[in-house]
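No value in this document is a laboratory result; all are computed from the given coordinates. Predicted, not measured: the structure shown is a model, and the values here were computed from it. Methodologically, a virtual Cβ is constructed for each residue, glycine included, from the backbone with ideal geometry; neighbour enumeration extends over all protein chains shown.
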Number of protein chains: 2
Amino acid sequence: MTGSADFDVQQFLPYLLNQAAEASSLEFQKVYKDKYGMLRNEWRVLFHLGIYGEMTASEIGSRAQMHKTKISRAVQRLAERRYLTRSRAVQDRRIEHLKLTTAGEKVYRDLKAIAADYDAALTEGMSAKDAATLRDLLARLALRS
Amino acid sequence: MTGSADFDVQQFLPYLLNQAAEASSLEFQKVYKDKYGMLRNEWRVLFHLGIYGEMTASEIGSRAQMHKTKISRAVQRLAERRYLTRSRAVQDRRIEHLKLTTAGEKVYRDLKAIAADYDAALTEGMSAKDAATLRDLLARLALRS
DNA sequence: ATGTAATAGTTGTTTTTGTAACTAACAAGC
DNA sequence: GCTTGTTAGTTACAAAAACAACTATTACAT
């Protein structure tokens, strides 16, 4: 018999994580997509530059665990929109230093505020302790790769 | 000044969820992809049929929160591989009843066992209580959409 | 019974990703 | 100096996902 309910997909962690990630991304996605025409990898790069200041592509890559092609394309589009500037390093001309423009910083600050509000809304129903546990466990799962 | 560290992407729930989801999917993906040449949407459909028995495409859609085009294509490929059979309902000829074949069930059982083991490995470092909290919170976040 | 809307599922087209191969610059060993 | 290897980043091509438009069938209202 097939219908043996001895396994529940809905409780399978990778499945559950994907569902939660997808559902909780939608609302924020609407903002960066509809308001700024940005893609997921683009806001990620933007945020990294907004938070850490000037960085190179590969620094962003190792921090965000993003592949270099994703970053390359995200940087390209952000540069086209004049949200960041790229400048070759003189000591090592393979490297490009990336930095948000004033316009880029403005967008970052706007998105950051929206993200903070949204994060608060997401954790609203949870106790502070549970929310902390959640973040901790997720961070540990994210490191596994 | 840009580098104000008053916001941490790494703690932003949608970001964290995506990282954790991606990292924890990789290992299982290798199995259904490399061993069975399946795509994410395909194992999801397979699992739903494995667990709940005969279903229609839209029943799977509402349970798994998958769009009908994803299901349509997943079903197509699963049918090509003879993992499931499709039969038109006589009372309503728009509907197709989907059912795993013996081969499909075999694959399901194999993947199910691997998934169960993998889930155990993922939660290994966590207390039972924390793991339960995690699943509960994730399920609630997944419902938000 | 017949026009209108709703549902089930498919197909076509466009975006977006993923993978691999590539160029350019530097670093080391001999 | 010159071969070999490594790192930074880009580009080209193939795979996959997203979105919209479509067909077929049923339901429902007049």
- Hey, which residue of B has the C-beta nearest the axis mapping B onto A, and what's the distance in Å? B:ALA21, 2
- Message: Can you list the copy-to-copy distances for A:ARG144, using a point 7 angstrom from Cα toward Cβ, in nanometres, shortest first?
- Response: 2.2
- Task: For helix A:128-143, report the angle its Cα long axis makes with the longest principal axis of the Cα atoms of chain A; keep it between 0 and 90° and round to the nearest 10°.
- Result: 70 degrees
- If you put a point 7 Å past Cα along the Cβ direction, how far is that point for A:LYS68 from the same point in each other copy, in nm, smallest first? 4.5
- Go from 0 up to the bin containing the longest alpha carbon distance in the protein assembly as shown, width 10 Å each, and give me the % of pairs per bin. 6, 25, 28, 23, 14, 5, 1, 0
- If we restrict to alpha carbons, what Rg and Dmax does segment A:60-145 come to, in Å? 17.3, 52
- Task: Please tell me which of these pairs span more than 26 angstrom C-alpha to C-alpha: A:LYS70/B:LYS70; A:LYS33/B:LYS70; A:LYS68/B:LYS70; A:LYS129/B:LYS70; B:LYS35/B:LYS129; A:LYS68/B:LYS35?
- Result: A:LYS68/B:LYS70; A:LYS129/B:LYS70; B:LYS35/B:LYS129; A:LYS68/B:LYS35
- For segment B:2-145, inverting the pair-averaged 1/r of distinct alpha-carbon atoms gives a Kirkwood value in Å of 17.3 Å
- Query: Is there a simple number for the mean count of other chain Cβ atoms within 10 Å of the Cβ of residues in B:128-140, and what is it?
  - Reply: 6
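Fewest to most neighbouring Cβ within 10 Å: what's the order for B:ASP119, A:ASP117?
Details: B:ASP119 21, A:ASP117 11.
Ordered from fewest to most neighbouring Cβ atoms within 10 Å, B:ASP119, A:ASP117 come out as A:ASP117, B:ASP119.
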